[in-house]
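Accompanying notes for the structure given below.
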Amino acid sequence: MSDPTIESLLQENRHFPPPSDFAQQARIASFAQYQELCQEAVTDPEGFWGRLARTELHWFSPWEQVLQWDPPQAKWFVGGKLNLSYNCLDRHLETSCRTKPALIWEGEPGDTRTLTYEELHQRVCQMANALQELGVKKGDRVGIYMPMIPEAVMAMLACARIGAPHTVVFGGFSAEALKDRLNDAGARVVITADGGWRKDAIVPLKSQVDLALQADQVPSVAHVLVVRRTGEAIRMQEERDVWWHEIQQRVSDDCAAEEMDSEDLLFILYTSGTTGKPKGVVHTTAGYNLYTHITTQWIFDLREDDIYWCTADVGWITGHSYLVYGPLSNGATVFMYEGAPRPSAPGCFWDLIEKHKITIFYTAPTAIRAFIKMGDHLPQARDLSSLRLLGTVGEPINPEAWIWYHRVIGGERCPIVDTWWQTETGGIMISALPGAISTKPGSASLPFPGIQADVVDAQGLPVADHQGGYLVVRQPWPGMMRTVYNDPERFRRSYWEHLQTGDGHPLYFAGDGAHRDAEGYFWIMGRVDDVISVAGHRLGTMEIESALVSHPAVAEAAVVGRPDALKGEVIIAYVVLDNQHQPQENLQKELMQHVVQEIGALARPAEIRWTETLPKTRSGKIMRRLLRTLAAGEEIAGDTSTLEDRTVLDRLREGA
Ligand code: PRX
């Protein structure tokens, strides 16, 4: 764990109060109202969350107890029965939402589809019935490896409908990574597509599934349900593979939603941690439903006529919580896009905003920085006046990018919500409420009502204003992860054992460094562990190192992040070759390709640096802090006395 107190502190004094016309109509319309909610949640947390659960969700039967907290084990709404797919679909059929678009979708080739709540409900029921026909029962896990098409959303909701926990694997992950995740989850069925469109090319998903499943490498998988998207020729394995459009013709479009217990497993989503093996973050039904519902409603200030666009892929937590579950639970109209800006259509996001009259736009700082580079003329040539609120997520946003977003995209009229959260937290934890809280460029601002976030030192004591420390959460919240799938011990160790209060209460350790200013605003400084963020994608250095050393030429490897103006961070790998191999340019390329094969293109190192040895402590631990400094081209300051061999640094410098 690195010490966040030595990081330099960002200074930023600009202040943007909520525009008064925005605040007047906002759901949370003043700072006083925000404070009242916080006060209610502090004085009586169970009363606060219980009130919201009662008024905001549909229950088949009520809970007996709001919270059972035996750290780190939390149970929310104990004994209650509900269904997330019911809350996202069925209950809206009884309101004016029935004929309202739930999903407006556009594919990269320009094809579009609109599904009303009624139509989405029918499709989800059909897919739920299809899964049941393939033998999926309540509790069975289902893998989803899909492009950004409506069927991805249907697949998730269909799983939730029949109580089959899903594990969505981002379509950019390799067959190897897919195999590991499917095995860890013990998936019974995989839902995929022949392919998907991304940057004018076809991503061949089904053939990756074939590779992952070959030679019975994932013995739990009995069937693959395949959606036709691109129409490319693919191989269908008899008895195992089934076309969605074929099964769809014979299944009913009615399927009762299973009554799920509040704490029934809803989904597993794999994310990188500090060891080589990704962790299966477990979320359960009721708490996740409530938390994503209420954060979407208040932070995105949802209104009846909003057209809401979150650009995240369904393979990430942002796609789960703020593309699918949160907005649909609120009855919102969600816009979904299959592709990405690309040289043939650099202004496509702005075209889409103009064409579909998007009102709320939520994206990542790395995307914003790429837009800046592409030029102001692209957004300026479009009518973006439908926009009323902007959001960012995934990494700290540099103030210049924030100001550009505010000025060029938001026309200086749209508030920006910079939302801090994690796969583990289920939903947004720190963010402005756009009608109530002034924003400052680069700060995620203040915790959501009911979230007791703090910044502490290594002893768990709160630090002074402007002093760096570890970001922690003091009290449980409904959307929190419940465990690491198959590894409860890792859950305790990773999140609940690092820090505790003076009187021994465990604190949730987020893995981020942060500081607070005099007004209590949080400024996130990035990870303090061996997790890096490349273009907003979270990767563990150990994971990439394991991929590198699985290549026969590599004896040892250490991976660090180097700050990058566009991607936030890029991967620099220090590699020690075994004595059979010589440093060569084509070996560098081969190793990069090897990482792509093991994990996916998102993990490709930007640079591979050869070295004869790695800097290690006397006890043999790689000193990544030193490598990080070297990779950034900075001078090494601070203590190097624990280094086993001090000449290593000089040799590394020369090598660079
Ligand atoms: O380091 C923080 C960064 O992303 C990490 C969580 O990554 P992941 O689980 O993949 O979820 C990303 C989307 C929620 C955090 O530990 N992070 C996320 N949002 C912000 C952020 N860093 C600064 N500001 C943010 N708004």
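The values are calculated or read from the model by the stated rules, or taken from the named source; none is laboratory data. Remember, predicted model here, so these are calculated numbers, not experimental data. With ideal geometry, Cβ positions are generated from the backbone for all residues, glycine too; neighbour counts draw on all protein chains shown.
List, please: which pairs have Cβ atoms under 9 Å, are six or more places apart or on different chains, and start with a residue in the range 328-353 that is among the charged types (D, E, K, R) and end with one that is in a helix (DSSP H, G or I)? Final answer for the pair search is R342/C348.
Screening A432, A401 for residues that are within 16 Å of the ligand (Cβ to nearest atom) and crowded, with 23+ Cβ neighbours inside 10 Å leaves exactly one candidate, A432. Among the criteria (1) within 16 Å of the ligand (Cβ to nearest atom); (2) under 28 Å from S30 (Cβ atoms); (3) of a type in the set (A, V, I, L, M, F, W, C), the one L387 does not fulfil is (1). Scanning the range 410-423 for residues that are buried (at least 24 other Cβ atoms within 10 Å of the Cβ) and over 15 Å from E395 (Cα atoms) gives a single hit, P415. Total residues in the range 531-552 satisfying the condition of being within 14 Å of the ligand (Cβ to nearest atom) and among the hydrophobic types (A, V, I, L, M, F, W, C): the figure is 5.
Among the residues making up the range 359-387, a single one is among the hydrophobic types (A, V, I, L, M, F, W, C), closer than 30 Å to E118 by Cβ and surrounded by fewer than 22 Cβ atoms within 10 Å (Cβ to Cβ): L387. Considering every residue within the range 210-218, establish whether at least one is in a loop (DSSP other than H, G, I, E, B) and buried (at least 17 other Cβ atoms within 10 Å of the Cβ). Yes, because at least one residue in the range 210-218 is in a loop (DSSP other than H, G, I, E, B) and buried (at least 17 other Cβ atoms within 10 Å of the Cβ). Somewhere in the range 347-365, is a residue within 16 Å of the ligand (Cβ to nearest atom), of a type outside the set (D, E, K, R) and part of a helix (DSSP H, G or I)? Scanning the range 347-365, I find at least one residue that is within 16 Å of the ligand (Cβ to nearest atom), of a type outside the set (D, E, K, R) and part of a helix (DSSP H, G or I), so the answer is yes. The residues on offer are V595, V560, and the sole one that is among the β-branched types (V, I, T), over 30 Å from A458 (Cβ atoms), touching a residue at least 40 places away in the same chain (Cβ under 8 Å) and touching a helix residue (DSSP H, G or I) at 6+ places or on another chain (Cβ under 6 Å) is V595.
For the range 64-122, enumerate the residues that are of a type in the set (S, T, N, Q) and under 27 Å from D254 (Cα atoms). Answer for the range 64-122, where residues must be of a type in the set (S, T, N, Q) and under 27 Å from D254 (Cα atoms): N83, S85, N87, T95, S96, T99, T112, T114, T116, Q122. Does the range 592-615 include one or more residues that are in a strand (DSSP E or B) and basic (K, R)? Checking the range 592-615: at least one residue is in a strand (DSSP E or B) and basic (K, R). Within the range 603-627, residues that are within 19 Å of D564 (Cβ to Cβ) have Cβ atoms under 7 Å from residues that are acidic (D, E) in these pairs: R624/D530, counting only partners at least 6 apart in sequence or on another chain. In the set (1) in contact with a Phe, Trp or Tyr (Cβ under 6 Å, 6 or more places away or on another chain); (2) away from the ligand (no atom under 15 Å from the Cβ); (3) more than 30 Å from G107 (Cα to Cα), the condition left unmet by I372 is number (3). Listed by position, the strands (runs of 3 or more DSSP E) enclosed by the range 478-558 that each have at least 2 residues that are modelled with pLDDT under 95 are 522-527, 531-534, 537-540. Filtering the range 404-426 to residues that are in a strand (DSSP E or B) and either near the ligand (Cβ under 7 Å from one of its atoms) or not hydrophobic (A, V, I, L, M, F, W, C) (or both) leaves D418, T419, W420. Determine whether the range 468-478 contains at least one residue that is touching a Pro at 6+ places or on another chain (Cβ under 8 Å), of a type in the set (S, T, N, Q) and closer than 15 Å to W69 by Cβ. Yes: one or more hits.
Can you confirm whether R482 is closer than 30 Å to L577 by Cα and surrounded by 18 or more Cβ atoms within 10 Å (Cβ to Cβ)?
no
Filtering G287, G319, G273 for residues that are surrounded by 22 or more Cβ atoms within 10 Å (Cβ to Cβ) and in contact with an Asp or Glu (Cβ under 6 Å, 6 or more places away or on another chain) leaves a single hit, G319.
Answer yes if at least one residue in the range 440-452 is within 13 Å of the ligand (Cβ to nearest atom), over 22 Å from P18 (Cα atoms) and either in a loop (DSSP other than H, G, I, E, B) or modelled with pLDDT of 95 or more (or both), and no otherwise. No, the range 440-452 contains no residue that is within 13 Å of the ligand (Cβ to nearest atom), over 22 Å from P18 (Cα atoms) and either in a loop (DSSP other than H, G, I, E, B) or modelled with pLDDT of 95 or more (or both).
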